[in-house]
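Peer 1: Dumping the structure here so I can ask a few things about it.
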Amino acid sequence: MAQVVVRVVLAAFHGFPILIPDESGYLLAARLLAGGASSDLSGRVFYQAGYSLLICPAFWLSGDPVTVYRIVLVINAVLGASLLVPAHVALRRLGLSRRRAFPLAMVTASLPSVVYYGQYAMSDAVLPLVVLTWLLCVHSWVARRGPGWGIAASALAAYCCSAHVRGLIVVLVHGGLLVVLLVRRRLSGRDLAASAAVLAVGVVAGWALNSWVRAEIYPGGPMALGPLVVERLTTWDGWGWTLGLAVGKIWYLTVSTWGLAGVGLVAAARAVLRRSTPLPTRATAGLALATLAGIALATSAATPDEGTVANFAYGRYVACLAPALFLAGAACVARATRVTAAKAVAAAAVLMPVCALVVWLHAGVRLTRSFFLSLDFPEMSALTWSWDRLRLWWVTAAVLVLLPGLVLAKGRRAGPVLAALVTAANLALVAAVVGRDTRYWADTLSKASSLSDAGLRPEDRVGIDYRDMRWQIWVSQAFLVQSHLQPIDRFDSRTLPRGLTLVIVPWDPQQPPRGTWPAAPLEFVPISAHWSDSGSWVAWRRR
């Protein structure tokens, strides 16, 4: 309950989607799944509908966009807080007592990336919970605790695939596990067949769902990323980009978890390589490492060069594995001898600066000259209190200083105290980001996109001239408009769709609002003009 309350409090003043077009894509799909109107996000990235299924009840409870968004954040809070349960189970499986497992589970559930992305209507709010539960189900299944665990693991893998494209990596890795188990004859053919059938049915069902949502919300087609992936993976320059950004993701993952995910990487690799490791643990560790590598490489290959610092170090896509690797690292430090723990920590301490060096060499001057969005680096910005640039080496040095303290603090007395301190630090980081950054951007984008001055009514049919409109404006307004969003290529009396009551057109502030739509029908008059750094526009209403 405390985890839920903390998340709800942090989201209390957040009532507008700001990580767009991601949030708008998920919210519009949820509205469609709830039986609401369609929309048009053609040309933007397609956001899959698995997560939207979880939040669509918010649209049954309210028709007000702000209220709907806050209900979604409450749903996120409940799901995010539920991570405490599988985290506790995982620590018990790793050999910790209940007294030692619970504080570490609390720390895991409060990891900055887990709490932070729960503040937004995005699949990243639930993927850490789903991925960790998937790994636990695999562990139980391979340990011969019953065929139901294999069916549950396949269902969760298929759900990941329906919620985000990186879930395809989870499906491929899970399918590889089924093949290995079949070859090694570890489980019965009936169990493997049932698990494979559930995986196949789940993937097909997710594909059908996403195909329908894509046709409804992206009638002109989404942004195509496939050709970019092919180009990246078939050229030397493309592989240089992909590997450089993949290493940047690993760096982000390690430093955002106070170095413990790095310790977890070392522990997982050791578990896979040691033949004496029990097969369930070995299989689970192998799945985690393979999934991390696959997601890091695939998402790096598909990332366009947008001229941002996030093009070189970005942690959101691999954050779904942060709890699992953090737990592995925490259990390693808590259970191993001081010598073994010191070796694992030392390996992680070497990994972080090496990854940082790769990022620094790969980015060059772009690390300081490219566009920096602090929302892409919540932990880093709050830790160094730098909201306009990434202090790569400062962050790395700070974590390197703190990491050895984990070994020194081993012990029953120091453990709970350290867990409480880390939990407080995690929540303080997120609170700083919410207070300093999230609220600012929410207010800014709300003022830039709000249709309240235009007197938006539930019965309105809204048309938007996309030609010269900044995409941030019309994507935000697509969620604000509860009726059908009618795309319009141009305005004149012959092509204007019938039934429109409100029309939004781009505005050059150097001209009067009435000059924004020269061919406006006589029954339309300008009623509201908005100017902002994100874009300017004028609302015209039918008399």
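The values are calculated or read from the model by the stated rules, or taken from the named source; none is laboratory data. Just so we're clear, the structure is a prediction, and the values are computed from it rather than from any experiment. Note that we place each Cβ from the backbone using ideal geometry, even for glycine, and neighbour counts take in every protein chain shown. Protein only, heavy atoms only, side chains kept; ligands, DNA and RNA dropped before computing areas. Shrake-Rupley method; radii C 1.70, N 1.55, O 1.52, S 1.80 Å.
Peer 1: State yes or no: is Leu32 out of contact with any strand residue (DSSP E or B) (no Cβ under 7 Å at 6 or more places or on another chain), of a type in the set (A, V, I, L, M, F, W, C) and closer than 21 Å to Arg461 by Cβ?
Peer 2: Considered against the rule, which asks whether it is out of contact with any strand residue (DSSP E or B) (no Cβ under 7 Å at 6 or more places or on another chain), of a type in the set (A, V, I, L, M, F, W, C) and closer than 21 Å to Arg461 by Cβ, Leu32 comes out as yes.
Peer 1: Can you tell me which residue is nearest to Tyr159 (Cα to Cα) among those in region 32-62 that are assigned to a helix (DSSP H, G or I), open to solvent by less than 10 Å² (accessible area, probe 1.4 Å) and of a type outside the set (A, V, I, L, M, F, W, C)? Show your work before the answer.
Peer 2: Step one: filter region 32-62 for residues assigned to a helix (DSSP H, G or I), giving 32-33, 50-55, 57-61.
The next check asks that each one be open to solvent by less than 10 Å² (accessible area, probe 1.4 Å); those that pass are 50-52, 55, 58.
Among the residues that remain, those that are also of a type outside the set (A, V, I, L, M, F, W, C) are: 50-52.
Values: Gly50: 7, Tyr51: 9, Ser52: 12 Å.
The qualifying residue nearest to Tyr159 (Cα to Cα) is Gly50.
Peer 1: Filter region 138-148 for residues that are assigned to a helix (DSSP H, G or I) and over 17 Å from Ala105 (Cβ atoms); which is most open to solvent (accessible area, probe 1.4 Å)?
Peer 2: Residues of region 138-148 that are assigned to a helix (DSSP H, G or I), as a first pass: 138-142, 147-148.
Remaining after also requiring over 17 Å from Ala105 (Cβ atoms): 138, 140-142, 147-148.
Numbers: Val138: 0, Ser140: 0, Trp141: 3, Val142: 0, Pro147: 68, Gly148: 47 Å².
Restricting to residues being assigned to a helix (DSSP H, G or I) and over 17 Å from Ala105 (Cβ atoms), the top hit is Pro147.
Peer 1: Moving on to the next point. Residues in region 280-320 that are open to solvent by 40 Å² or more (accessible area, probe 1.4 Å) and not aliphatic (A, V, I, L, M): how many?
Peer 2: Counting residues in region 280-320 that are open to solvent by 40 Å² or more (accessible area, probe 1.4 Å) and not aliphatic (A, V, I, L, M) gives 6.
Peer 1: Count, please, the residues in region 517-543 that happen to be of a type in the set (Lys, Arg) and modelled with pLDDT under 85. If you could, list the steps in order and put the result at the bottom.
Peer 2: Keep residues of region 517-543 that are of a type in the set (Lys, Arg), which gives 541-543.
Going one step further and asking which of them are modelled with pLDDT under 85, we end up with 543.
Total satisfying the criteria: 1.
Peer 1: When residues of region 437-454 are filtered for being open to solvent by 80 Å² or more (accessible area, probe 1.4 Å) and part of a helix (DSSP H, G or I), how many remain? Spell out how you get there, then give the answer.
Peer 2: First pass over region 437-454, keeping only residues open to solvent by 80 Å² or more (accessible area, probe 1.4 Å): 439-441, 443, 447, 452-453.
If we keep only those that are part of a helix (DSSP H, G or I) too, we end up with 439-441, 443, 447.
Selection size over region 437-454: 5.
Peer 1: Can we say Leu135 is within 29 Å of Leu111 (Cα to Cα), within 21 Å of the chain's Cα centre (by Cα) and surrounded by fewer than 17 Cβ atoms within 10 Å (Cβ to Cβ)?
Peer 2: On the way: within 29 Å of Leu111 (Cα to Cα): yes; within 21 Å of the chain's Cα centre (by Cα): yes; surrounded by fewer than 17 Cβ atoms within 10 Å (Cβ to Cβ): no.
Against the criterion (within 29 Å of Leu111 (Cα to Cα), within 21 Å of the chain's Cα centre (by Cα) and surrounded by fewer than 17 Cβ atoms within 10 Å (Cβ to Cβ)), Leu135 does not qualify.
Peer 1: Which count do you get for residues in region 502-517 that are assigned to a loop (DSSP other than H, G, I, E, B) and of a type in the set (S, T, N, Q)?
Peer 2: At the first step, the residues of region 502-517 found to be assigned to a loop (DSSP other than H, G, I, E, B) are 507-512, 517.
From what's left, of a type in the set (S, T, N, Q): 510-511.
Total satisfying the criteria: 2.
Peer 1: One residue is enough: does region 385-400 have a residue meeting the conditions within 20 Å of Val430 (Cα to Cα) and touching a Pro at 6+ places or on another chain (Cβ under 8 Å)?
Peer 2: First, pick out the residues of region 385-400 that are within 20 Å of Val430 (Cα to Cα): 385-392, 394-396, 398-399.
Still in the list and also touching a Pro at 6+ places or on another chain (Cβ under 8 Å): 396.
Yes, some residue in region 385-400 is within 20 Å of Val430 (Cα to Cα) and touching a Pro at 6+ places or on another chain (Cβ under 8 Å).
Here's the yes/no breakdown for (1) closer than 24 Å to Val126 by Cα; (2) at pLDDT 95 or above:
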{"site": "Ala158", "(1), (2)": "yes, yes"}
{"site": "Arg166", "(1), (2)": "yes, no"}
{"site": "Val170", "(1), (2)": "yes, yes"}
{"site": "Leu178", "(1), (2)": "no, no"}
{"site": "Arg184", "(1), (2)": "no, no"}
{"site": "Gly189", "(1), (2)": "no, no"}
{"site": "Leu192", "(1), (2)": "no, no"}
{"site": "Val201", "(1), (2)": "yes, yes"}
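Peer 1: Kindly provide the set of residues from region 310-322 that are in a helix (DSSP H, G or I), closer than 22 Å to Gly364 by Cβ and in contact with a helix residue (DSSP H, G or I) (Cβ under 6 Å, 6 or more places away or on another chain), ordered by number.
Peer 2: Of the residues in region 310-322, the ones in a helix (DSSP H, G or I) are 310-311, 316-322.
Okay, now just the ones that are also closer than 22 Å to Gly364 by Cβ, so 310-311.
Across region 310-322, the qualifying residue is only Ala310.
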